[in-house]
Amino acid sequence: MARGTSNRKQRTNNKGESSGFGSRRNFLRATAGASALGLAGCLDNIGGGGGGSETVTYGVVSPMSGAYSSLAPGQRNGAKLAIRTLQEDDDFDFDIEGVYADGQTEDTASVQAAERLVQEDGANFIMGNISSSVALAMNEFAADEQVIYNPGAAAVPITGANCNDYVFRTETNTAQIAEAVSEYTVNNLGTDVWFHIADYAYGTSVQNRVTQRMEEANSDLNVVGSTASQLGSSNFDTYISEIDNSDAEVVVIGMTGGDLINFTAQAVEAGITEDKDIMAPTMTFQVVRGALGSAAYGLYGGVRYIADLDNPANNTFREAYMDMEENESGAPPDNFARVGYQSIMMTAEGIKEAGSTNVDDVIDALEGLEMDSILGTNQFRACDHQALNPTWMGQCVEPDSGEMADVELLSKVEGPDAMIPCEETECSL
């Protein structure tokens, strides 16, 4: 029997304001709710695609152009694979389809693209983006439109100070990865540290959280210096010279994508690694290792995911991803593919548990729901909707064959231990 409109009180954003005022979804609820109540024997959906439809329409907004375009294909392909998997799996008693757009690594373009997917294609769930600044803008969009949103970005505020009921994140945030890298770095690589970040939400989040955790792990921490470059910069000579002439033992880089690749390649070529270690929370990303080649050997980084994790869910995912027609090279999945896939698969577990595609019902079902995932037993924590992902510290090492570095896992932090305590998240749901 279909479930009707949720009786849960009207949801609010993190500022206590009504999140749905004036939204298209409120109109749909008013006009479609009655007909949805009359449907029997099917899932209820009164959002996005209109009343009474059994179909979940997932809008995927990935930065296919712009600064993060090299990372986006994996995210989109992972999402596509999840949708195909759900279409073929009889355990999920609902229809699902995907609609896709280019967010251009830009907040206004991403919000406009998502708006088109909701209004023109009937999307009632949204996944995507990699830039944390873009994801923060998308958080607001999700609350306004009352659609569930799975961000593909890592800054803490996304499920922290800027959280809201509609945001459920499977990407590992910078606080979780800081638990894996900070103590190891300050106790094994050196206490004299220089930070270089990309000057936007993600870079700031890395610097703030890693500094805090390093200080807690070793009172001898000495932040020798700190520099920041604009997102999308290509020439880092001035910063590298300043760092090279410092007394830093370790350089912590709060960058990702092309910024991290360009900075690291230039730093290694300049000889920084002759007397300093380099650590970046995203250094072990497959696209980074592939671009750097032998320049990555010996560098350190946080690990959110590697394709050879051995568990049934990941083994199935890895094999299916490598066989995808869109994956022309047959390469194993990277973290961005993992996030695209896991976001939709974990949200689908909430739809199945709720017996409904009604967004409020799915939110109620997802909060704290334990489920299997490609990172092991997992859940979206009820207090902030952050997935309980484990994290690792890793080192890029020379492979047995080829040039792209392998990743040696040095230490692991279990999912619950990697999380900020609920009372410290600045999230109020």
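The values are calculated or read from the model by the stated rules, or taken from the named source; none is laboratory data. Given the structure is predicted, the values throughout are model-derived calculations rather than measurements. Reconstructed Cβ throughout: ideal geometry from the backbone, glycine too, with neighbour counts over all protein chains shown. Each accessible area value is taken on the protein alone, full model and side chains, heavy atoms only, with ligands, DNA and RNA left out. Shrake-Rupley method; radii C 1.70, N 1.55, O 1.52, S 1.80 Å.
Checking residue 328 against (1) in a helix (DSSP H, G or I); (2) open to solvent by 30 Å² or more (accessible area, probe 1.4 Å); (3) over 28 Å from residue 416 (Cα atoms), which test does it fail?
Status for residue 328: all satisfied but (1).
Looking at this structure, is residue 107 surrounded by 18 or more Cβ atoms within 10 Å (Cβ to Cβ) and either under 16 Å from the mean Cα position of the chain (by Cα) or among the acidic types (Asp, Glu) (or both)?
yes
Pull up the stretch 92-104, narrow it to residues that are at pLDDT 95 or above and either under 24 Å from residue 232 (Cβ atoms) or of a type in the set (Asp, Glu) (or both), then point me to the one that is surrounded by the most Cβ atoms within 10 Å (Cβ to Cβ).
103
Yes/no matrix, rows are residues, columns are (1) assigned to a helix (DSSP H, G or I); (2) open to solvent by 10 Å² or more (accessible area, probe 1.4 Å); (3) modelled with pLDDT of 95 or more; (4) among the polar types (S, T, N, Q):
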| position | (1), (2), (3), (4) |
| --- | --- |
| 226 | no, yes, yes, yes |
| 243 | yes, no, yes, no |
| 247 | no, yes, yes, no |
| 251 | no, no, yes, no |
| 258 | yes, yes, no, no |
| 264 | yes, no, yes, yes |
| 267 | yes, no, yes, no |
| 273 | yes, yes, yes, yes |
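Out of the stretch 380-412, which residues are surrounded by fewer than 21 Cβ atoms within 10 Å (Cβ to Cβ), outside any loop (DSSP other than H, G, I, E, B) and either aliphatic (A, V, I, L, M) or more than 20 Å from the chain's Cα centre (by Cα) (or both)?
397, 406, 408, 409, 410, 411
For residues in the stretch 319-336 being without any contact (Cβ under 8 Å) to a residue 60 or more places away in the chain and among the small types (Gly, Ala, Ser), which is nearest to residue 188 (Cα to Cα)?
331
For residue 284, are the conditions met, namely being among the hydroxyl-bearing types (Ser, Thr, Tyr) and outside any loop (DSSP other than H, G, I, E, B)?
Taking the combined requirement at face value, the residue does not satisfy it.
Restricting to the stretch 167-185, name every residue that is more than 15 Å from the chain's Cα centre (by Cα) and not hydrophobic (A, V, I, L, M, F, W, C).
Correct list: 179, 182, 183, 184, 185.
Under 7 Å between Cβ atoms, which residue pairs at least 6 apart in sequence (or on different chains) link something in the stretch 294-318 that is assigned to a helix (DSSP H, G or I) with a partner that is surrounded by fewer than 19 Cβ atoms within 10 Å (Cβ to Cβ) and not aromatic (Phe, Trp, Tyr)?
Matching pairs, first to second residue: 294/403; 295/265; 313/372; 318/332.
Taking residue 366, is it surrounded by 15 or more Cβ atoms within 10 Å (Cβ to Cβ), within 16 Å of the chain's Cα centre (by Cα) and aliphatic (A, V, I, L, M)?
no
Give the stretch 305-317 a look and list any residue that's open to solvent by 50 Å² or more (accessible area, probe 1.4 Å) and of a type outside the set (Asp, Glu), or say none.
Listed by number, the residues that qualify are 312, 316.
Looking at 57, 85, 105 in this structure, which one is closer than 17 Å to residue 345 by Cα, in contact with a Leu (Cβ under 9 Å, 6 or more places away or on another chain) and not basic (Lys, Arg)?
Within the list 57, 85, 105, the selection yields 57.
Of the residues that sit in the stretch 202-220 and are in contact (Cβ under 8 Å) with a residue 60 or more places away in the chain and not small (Gly, Ala, Ser), which one is farthest from residue 412 (Cα to Cα)?
Filtering first and then ranking leaves 202.
Could you pull out every one of the helices (runs of 4 or more DSSP H) wholly within the stretch 86-201 that has 1 or more residues that are free of Cβ contacts under 8 Å to residues at least 60 places away in the same chain and closer than 26 Å to residue 421 by Cα?
So the answer is 132-145, 174-184.
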